[in-house]
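Report on the structure given below.
The values are calculated or read from the model by the stated rules, or taken from the named source; none is laboratory data. Since the structure is predicted, the reported quantities are computational estimates derived from the model, not experimental observations. Glycine gets a Cβ as well: all are built from the backbone with ideal geometry, and neighbour counts include every protein chain shown. Ligands, DNA and RNA are stripped out before the accessible areas are found, and what is left, the full protein with its side chains, is counted by its heavy atoms. Shrake-Rupley method; radii C 1.70, N 1.55, O 1.52, S 1.80 Å.
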Amino acid sequence: MKKIYVASSWRNSHQPAVVQALRADGHDVYDFRNPAPGDCGFKWEEIDPGWELWTPVEFRMYLEDPIAVKGFLNDMRALQDCDCCVLVLPCGRSAHLELGYAIGAGKPTFILLAEGEPELMYKMSPYLCADMDELKRMVRLYGGAS
């Protein structure tokens, strides 16, 4: 069993199925949408329903809100503790930062290619998977500690 960090987006409708498939394959998978029992994951709306109108100064200030700190620590601990990281496309900035952290930490990284534009820097990850079957096979073979 590998500890897998799945990096993606709240807007990605494929993310729950990827988490489920990797769990069904016997892995311990971190799901940012449900990081712990009874915890539905971090959302900016919890801090302020008008978060999309924040100024840069307000954004910086709200990063220190206890709700944001808790969400960050949940995700960061799981990222630090994982054996490998899977990026599920399409996704946004946070997921790309998470993948970059995993690459920098020397963890095996996998990208499940899907919708979206080609990206040259994905060459940093040695495992570019065309579908779920290939992802599961690559994680089993190259996903790090068991």
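Here region 55-86 is the region considered, the condition is being touching a residue at least 60 places away in the same chain (Cβ under 8 Å) and touching an Asp or Glu at 6+ places or on another chain (Cβ under 8 Å), and the residue that is nearest to ALA21 (Cα to Cα) is CYS85. Screening region 6-30 for residues that are under 18 Å from ALA114 (Cβ atoms) and in contact with a Cys (Cβ under 7 Å, 6 or more places away or on another chain) and picking the one that is surrounded by the fewest Cβ atoms within 10 Å (Cβ to Cβ) gives SER9.
Selection of region 31-56 for residues being open to solvent by less than 90 Å² (accessible area, probe 1.4 Å), among the aliphatic types (A, V, I, L, M) and at pLDDT 95 or above yields only ILE47. Pairs are defined by a Cβ separation below 7 Å, a sequence spacing of at least 6 or placement on different chains, a first member in region 26-40 that is farther than 19 Å from ILE67 by Cβ, and a second member that is open to solvent by 40 Å² or more (accessible area, probe 1.4 Å) and in a strand (DSSP E or B); the pairs so defined are ASP28/LYS3. When region 89-130 is filtered for residues that are hydrophobic (A, V, I, L, M, F, W, C) and without any contact (Cβ under 8 Å) to a residue 40 or more places away in the chain, the ones remaining, listed by number, are LEU97, ILE103, ALA105, PHE110, ILE111, LEU113, LEU120, MET121, MET124, LEU128, CYS129, ALA130.
Here MET61 passes the criteria (1) in contact with a strand residue (DSSP E or B) (Cβ under 9 Å, 6 or more places away or on another chain); (2) of a type outside the set (Lys, Arg); (3) in a helix (DSSP H, G or I) except the one numbered (1).
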